[in-house]
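Here the structure comes first, spelled out in structure tokens, and everything after it is commentary.
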Amino acid sequence: MRSLLAILLFAIPVAAAPAAAQNTYETDASHAVIMDFETGTVLFSKNGDEPMPPASMSKMMTVLMTLEAIESGSLSLDDELPVSEEAWRRGGAASGSSTMFLDVNSRARVEDLLRGVIIQSGNDACIVLAEAIGGSEAAFADMMTQRARELGLENAHFANSTGWPDPDHMVSAEDLARIAQILIRDHPDFYGIWAEREFTYNGIRQYNRNPLLGVFSGADGLKTGHTEDSGYGLVGSAERDGERRIIVFNGMDSNAARAAEAERMMRAALTDYGVYDLFAAGDTVEHEAEVFMGTASTVALRVDEDIAVGLHRRARRDMTVSVNYDGPVSAPIAEGDVIATLTVEAPGMEPQDFPLVAANDVPRKGLMGRIGAALVHMIRG
């Protein structure tokens, strides 16, 4: 028998929303994600876990690898790295791509190279860092992919340090959001660079391409991207009233469309979406599971992890939580056994399942007790 108990949560008086009101975000982007920074909860996703060509947004991973090298001591901000002919030819002024304008056979400080990547999106700066850390850009790309796996980024595969188009260079929007979360959370001493509006190197001033900076209050990062294959994309972050959101989108058809979508999506991220705490680790739910052949007829159900969900604020009033299990559950039951599932559902959100465990032991009945229970079961059918 399948047992289910539906519990309406947050049953508070709310004025009815107009019939046309949306409980989710709509965007022309081909891929998009809105993420809560603190919890990592994905609040909105459109093809968010689908690998896509990330263009220069993948340079966030190059920066992350560089910062980890600095913190490990294998690299210093004051180290001066050589600019190879390869870096100059494929990423410098001769390449016709985004560049820091490094001179061939010159040397550049790591601190300047970081700004060259973050602010100027310099392909030459990326290759110089890749060659210094990995020995070659190809080896560095393998290191990036390996590190991505260690971080749990299952849809990220890097073929280069720059985001230059390559069929093997693919990252999902959700993975880009998680890279942004790591950069903000784990490297706060460097995060301020992402908000710097300009950087001058080799006598050439270049401006940060992030359309949110100086336009959207609280915006302070992170990275744009554009190629013919990917369209125009952005990884952005902003904080207001103690809440930080990360947005990622790709596939817009123009720079102007990207700028408009960046502001619209970030406003929705901070205004229309919320994270709601449902249970704390150790809480028991209201419903108990029925037990067969046990010394007790029911067993309490407990959550062993904090449970929070993120969703559109208008969908909150229609959110339901249900307890599901195949029951009655046969004894013996040990405390901590997973015996049920907590399912959270709301309009515009994929159902989310969380395990429920037995809150206590339920031993099996003795022989006579089992015989009696079997007789009752037979009589009742």
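The values are calculated or read from the model by the stated rules, or taken from the named source; none is laboratory data. Since the model is a prediction, treat every value here as computed from it, not as a measurement. Methodologically, a virtual Cβ is constructed for each residue, glycine included, from the backbone with ideal geometry; neighbour enumeration extends over all protein chains shown.
Listed residues Arg205, Arg209, Arg149; which is exposed (fewer than 13 other Cβ atoms within 10 Å of the Cβ) and over 21 Å from the mean Cα position of the chain (by Cα)?
Going through Arg205, Arg209, Arg149 in turn, the sole match is Arg205.
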(request) Look at segment 228-252 and say how many of its residues are closer than 18 Å to Asp28 by Cβ and touching a residue at least 40 places away in the same chain (Cβ under 8 Å). (result) 13
(request) Those residues that are of a type in the set (A, V, I, L, M, F, W, C) and surrounded by fewer than 22 Cβ atoms within 10 Å (Cβ to Cβ), I need them from segment 152-163; list them, please. (result) Leu153, Ala159
(message) Given the criterion touching a strand residue (DSSP E or B) at 6+ places or on another chain (Cβ under 8 Å), modelled with pLDDT under 95, surrounded by 13 or more Cβ atoms within 10 Å (Cβ to Cβ) and closer than 30 Å to Ala148 by Cα, identify the matching residue among Thr27, Thr39.
(response) Thr39
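Identify all residues within segment 193-216 that are among the hydrophobic types (A, V, I, L, M, F, W, C) and within 19 Å of Gly92 (Cβ to Cβ); write none if there are none.
Within segment 193-216, Phe199, Ile204 meet the criteria.
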(request) Looking for whichever is assigned by TED's automatic domain parsing to the domain that holds Ser58, free of Cβ contacts under 8 Å to residues at least 24 places away in the same chain and of a type outside the set (Asp, Glu) here; the options are Gly91, Gly122, Gly116, Gly96. Which one fits? (result) Gly96
(request) Could you tell me whether Gly135 is at positive phi, of a type outside the set (A, V, I, L, M) and out of contact with any helix residue (DSSP H, G or I) (no Cβ under 9 Å at 6 or more places or on another chain)? (result) yes
(request) Name the helices (runs of 4 or more DSSP H) wholly inside segment 110-218 in which the number of residues that are among the aromatic types (Phe, Trp, Tyr) and modelled with pLDDT of 95 or more is 1 or more. (result) 137-150, 188-191
(request) Looking at (1) touching an Asp or Glu at 6+ places or on another chain (Cβ under 7 Å); (2) closer than 22 Å to Thr200 by Cβ, find the lone condition where Glu80 falls short. (result) (1)
(message) Restricting to segment 273-313, count the residues that are of a type outside the set (A, V, I, L, M), out of contact with any Leu (no Cβ under 9 Å at 6 or more places or on another chain) and in contact (Cβ under 8 Å) with a residue 40 or more places away in the chain.
(response) 6
(message) Where the second residue is of a type in the set (S, T, N, Q) and the first is farther than 17 Å from Gly40 by Cα and lies in segment 257-270, which pairs have Cβ atoms under 7 Å and are six or more apart or on separate chains?
(response) Glu261/Thr27; Met265/Thr27
(request) Taking Thr41 as the residue in question, decide whether it is under 22 Å from Pro347 (Cα atoms) and either touching a Cys at 6+ places or on another chain (Cβ under 8 Å) or assigned by TED's automatic domain parsing to the domain that holds Thr227 (or both). (result) yes
(request) Would you mind stating whether Tyr232 is among the aromatic types (Phe, Trp, Tyr), crowded, with 19+ Cβ neighbours inside 10 Å and under 21 Å from Asp253 (Cβ atoms)? (result) yes
(request) Look through segment 36-90, keep the residues that are under 29 Å from the mean Cα position of the chain (by Cα), in a helix (DSSP H, G or I) and of a type in the set (Gly, Ala, Ser), and return whichever of them is farthest from Arg185 (Cα to Cα). (result) Ala55
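To keep it simple, each residue is scored yes or no on (1) among the hydroxyl-bearing types (Ser, Thr, Tyr); (2) buried (at least 17 other Cβ atoms within 10 Å of the Cβ); (3) within 16 Å of Thr341 (Cα to Cα).
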residue: Ala281; (1), (2), (3): no, no, yes
residue: Ala289; (1), (2), (3): no, yes, yes
residue: Ser297; (1), (2), (3): yes, no, no
residue: Asp306; (1), (2), (3): no, no, yes
